[in-house]
Amino acid sequence: MPPDLIERPIDFLFAEHHRQRQAANALQLVGDSEVNKSGVRKLIEFLKTDFAIHVADEELSLFPLLRQYCLPEDNIGNLILQITEEHKKDKETVASVISILEGLLAGHALNDKFRQVIRAFAEHIRQHLAIENATLLPIAHVRLDSEALSVLSNMMKERRNLRKQ
């Protein structure tokens with residue numbers, strides 16, 4: 001990611017969604033051929049760090065700002081509730097997916113049940129991102145003013161231990 005992209009936090013979140021979609025595509029392929037241990041390690045690291053930080057960006061920073069800046073007709077509360085509920089389920093599923101991937105690294109076979117868990121999660125990520133990209137981020141782009149975007153950017157930098165610019 002370009003280092004200055006975080007100065008435009010909505011664009012940064014959109015770019016993060018692209019990275020999540022790439023991870024979902026990679027997850028979809030796990031088990032189709034010989035295990036690429038390096039790729040599996042990267043997926044595990046992404047799920048443990050970047051994915052978790054991204055959820056925190058949304059729940060702890062973006063959502064409160066949207067609640068503050070959106071108009072009643074935006075009906076943002078229902079959308080945020082839906083996304084938050086999905087995030088709760090994702091936390092459990094991510095733990096299972098990481099465990100499965102760590103098992104692959106340890107030499108365990110990927111059975112049909114585990115393959116289904118991974119593929120269902122990958123599909124869920126793609127659907128979840130479609131909703132966020134089509135509704136949440138466009139609303140944020142329209143409703144958040146430069147001050148709110150600066151606050152969001154600073155919170156995201158802090159979460160990543162980046163100095164405020």
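Remarks
- Check on Q68, of a type outside the set (A, V, I, L, M) and within 16 Å of R119 (Cβ to Cβ): no
- Here the condition is being among the hydrophobic types (A, V, I, L, M, F, W, C), at pLDDT 95 or above and under 17 Å from N25 (Cα atoms); of L144, L137, L129, it holds for L129 alone.
- Looking at S38, S61, just one residue is part of a helix (DSSP H, G or I), within 22 Å of E132 (Cβ to Cβ) and either of a type in the set (S, T, N, Q) or touching a residue at least 12 places away in the same chain (Cβ under 8 Å) (or both), and that residue is S61.
- Each residue in region 23-48 was checked for being polar (S, T, N, Q) and modelled with pLDDT of 95 or more, and 0 pass.
- Residue within region 96-112 that is crowded, with 18+ Cβ neighbours inside 10 Å, free of Cβ contacts under 8 Å to residues at least 40 places away in the same chain and assigned to a helix (DSSP H, G or I) present: yes
- Qualifying positions in region 34-66 - of a type in the set (D, E) and over 20 Å from E158 (Cβ atoms): E34, E45
- Members of region 113-125 that are surrounded by fewer than 16 Cβ atoms within 10 Å (Cβ to Cβ) and either touching an Asp or Glu at 6+ places or on another chain (Cβ under 6 Å) or under 29 Å from R8 (Cβ atoms) (or both): H124
- Taken together, A140, A122, A106 contain a single residue that is touching a helix residue (DSSP H, G or I) at 6+ places or on another chain (Cβ under 8 Å) and farther than 19 Å from D74 by Cβ, which is A122.
- Only one entry of L79, L71 meets the criterion of being touching a residue at least 40 places away in the same chain (Cβ under 8 Å), over 29 Å from L162 (Cα atoms) and in contact with a Ser or Thr (Cβ under 8 Å, 6 or more places away or on another chain), and that entry is L79.
The values are calculated or read from the model by the stated rules, or taken from the named source; none is laboratory data. As the structure is a computational prediction, the values presented were derived from the model and not from experiment. Every residue, glycine as well, gets a Cβ built from its backbone with ideal geometry; the counts of neighbours run over all protein chains shown.
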